[in-house]
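Where a number appears in this text, it was derived from the coordinates with a stated rule and is not lab data. No experiment lies behind these values; they were computed from the predicted model shown. Here the Cβ positions follow ideal geometry from the backbone for every residue, glycine too, while neighbour counts run over all protein chains shown.
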Amino acid sequence: MSKVLIVGAGAAGLMAAYSAACCGAEVILLERNPRPARKVMITGKGRCNVTNDTDVNGLVNAVTGNGRFLYSAFNNFTAEDTKSFFENHGVPLKTERGNRVFPESDKAVDIVDALVGAVKEVGVKILQERVTELITSNGRVGGVKCESGAAYFADSVIIATGGLSYPLTGSTGDGYTLAKSVGHTVTELRPSLVAVNVLEGWCSDVQGLSLKNIKVAVFKNGGQKPIYDDFGELMFTHYGLSGPVILSASAYTPEPEKNEYKVCIDLKPALSPEKLDDRLLRDFEKNLNKDYINSLGELLPHKLIPVVVKLSGIEPSQKVNQITREQRQRLVSILKGLTLTVTGFRPIDEAIITKGGITLGEVNPKTMESRLVSGLYFAGEVLDVDAFTGGFNLQIAFSTGYSAGEAAGSIY
């Protein structure tokens with residue numbers, strides 16, 4: 001029987017532990033926190049978007065870079081396998097817009113309980129330890145040393161410690177340090193799926209306002225074609241923009257601190273400019289004798305009205321019956337293209353995902369084993385792979401974790 005040590009009890013580590021134990025290995029899972037899977041608990045706003053109901057190509061296409069590296073892992077443990085795993089462990093699932101898969105209960109704790117319950121059922125031991133050093137000899141890993149002074153020995157070690165995002169959940173970069181200590185290269189670490197700061201100060205005036213069913217397009221300065229566009233929900237904050245479509249857009253905007261990117265918000269994507277102008281005319285007809293600022297209540301959220309009025313350049317007190325066609329067209333252009341300048345990402349500890357990680361050329365894509373140190377494996381966010389929102393990043397964790405556990409657990 002082989003012995004496998006797993007460092008980190010997040011989504012990848014728990015799945016790796018389950019997979020290795022199912023292959024007959026003796027598995028010890030070392031987690032620095034008193035409770036496993038703390039980051040899983042907060043994913044999907046506490047609902048846990050556990051995967052995306054798509055095929056392997058759909059999963060690969062959702063990876064922002066290095067997607068080809070994951071073909072083997074995604075084929076080995078598919079989105080369908082993830083769904084079956086949780087349903088077989090007592091968690092009914094449902095599929096929502098964009099093929100996003102959630103527990104029917106809308107409770108992330110059900111996903112965590114299923115993962116922890118599954119590993120315990122197959123005999124995995126979970127110990128609270130922080131690993132600080134890898135034990136290696138003659139190019140092979142033989143165990144780990146811990147902050148407590150304890151040492152654990154095994155045939156294989158799987159590092160599944162996560163990235164740098166949400167450090168309060170235990171993702172503090174330990175895995176990168178361990179990998180570097182045995183010769184691995186770690187690419188630049190940056191935030192991804194993160195809110196953005198913007199130049200325009202009026203965002204703080206509407207902070208807390210959420211807009212649903214809007215269209216967002218991101219342009220690089222001087223570009224005519226958007227580098228990203230999507231429909232969905234965003235939220236204004238005191239520093240700029242957040243919400244699902246903004247988090248996804250952040251994956252397309254490297255180095256935003258150079259002020260090179262504009263976010264254009266179409267507040268009325270269901271209406272063409274001509275149809276929106278017709279709508280304005282109808283609204284104005286009903287409010288002919290009102291001040292302009294008091295005529296937009298049926299068209300816009302209350303908080304946004306003063307902002308749009310100011311940007312339109314029309315005097316707030318101008319009577320509606322005096323608004324010209326030219327002024328109306330300017331208003332239409334603002335409603336169809338409310339534009340903000342991105343000045344930077346929020347800090348990495350506010351990001352959902354860390355972009356960058358252990359260089360993939362140093363890892364076997366079929367087994368997740370290090371090409372530099374025999375018996376050493378990696379899984380999850382510690383690797384240089386990340387994807388858009390929609391359940392894809394958890395699927396990366398499950399697929400790479402399963403593959404690493406299966407390979408490590410099947411050695412003997």
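In the chain, the calculated helix contribution to ellipticity at 222 nm averages -8500 deg cm²/dmol per residue, counting -39,500 (n - 2.57) for every DSSP H run with n ≥ 4. Less than 17 Å apart at the alpha-carbon level, and either on another chain or at least 8 residues along: which lysines does that give for residue 258? Of all the lysines, those that pass the test against residue 258 - Cα under 17 Å, at least 8 places apart if same chain - are 220.
Counting neighbouring Cβ atoms within 10 Å and putting the fewest first, the residues 28, 246, 227 line up as 227, 28, 246.
With each label modelled as a point 7 angstrom along the Cα→C-beta vector, the residue 147-residue 121 pair spans 3.2 nm. In this label model, residue 366 and residue 33 are separated by 3.5 nm, measuring between points 7 Å along each Cα→Cβ vector.
Summing Cβ point charges (Lys, Arg +1; Asp, Glu -1) relative to the Cα centre of segment 134-282 gives a dipole of roughly 180 debye. Kirkwood's formula applied to the C-alpha pairs of segment 297-412 gives a hydrodynamic radius of 19.2 angstrom.
Taking a straight Cα-Cα cut-off under 19 Å and skipping sequence neighbours fewer than 8 places away in the same chain, the aspartates and glutamates within cross-link reach of residue 262 are 200, 229, 230, 233. In the structure shown, the pairs 275/303; 45/275; 83/120; 83/145; 45/225; 94/120 are assessed against 29 Å; a Cα-Cα span above that value is assigned to 45/275; 83/145; 45/225.
The fewest-to-most ranking of 252, 261 by surrounding Cβ atoms within 10 Å reads 252, 261.
Span-like helices, the chain: DSSP H, alpha-carbon axial extent 18 Å or more, mean Kyte-Doolittle -1.0 or greater, which ones? Correct list, ordered by number: 108-121, 392-409.
Of all the options 357, 175, 183, the one that moves most in a Gaussian network model of the chain with Cα springs shorter than 10 angstrom is 183. Modelled spin-label separation between residue 210 and residue 259, with each label point placed 7 Å from Cα along the Cα-to-Cβ direction: 3.3 nm. Ranked by the mean number of other Cβ atoms within 10 Å of their residues, highest first, the peptides 358-365, 49-56 come out as 49-56, 358-365. The residues 371, 130, when put in order of fewest to most other Cβ atoms within 10 Å, stand as 371, 130.
Taking every C-alpha pair closer than 8 Å and separated by at least 6 residues, the mean separation divided by the residue count of segment 195-345 gives a relative contact order of 31 percent. Placing R0 at 41 angstrom, the Cβ-Cβ distance between residue 199 and residue 105 gives a FRET efficiency of 0.50 after rounding to 0.05.
The Cα atoms of the chain cover 85, 42, 36 Å along the three principal axes, with the biggest extent listed first.
Out of every Cα pair in segment 195-345, what percent are spaced more than 22 Å from each other? Roughly 40 percent, rounded to a whole number. R0 = 60 Å: FRET efficiency of residue 333 with residue 135, Cβ-based, nearest 0.05? The formula returns an efficiency of 0.40 here.
Counting only DSSP beta bridges whose two residues both lie in the chain, roughly 75 percent are antiparallel.
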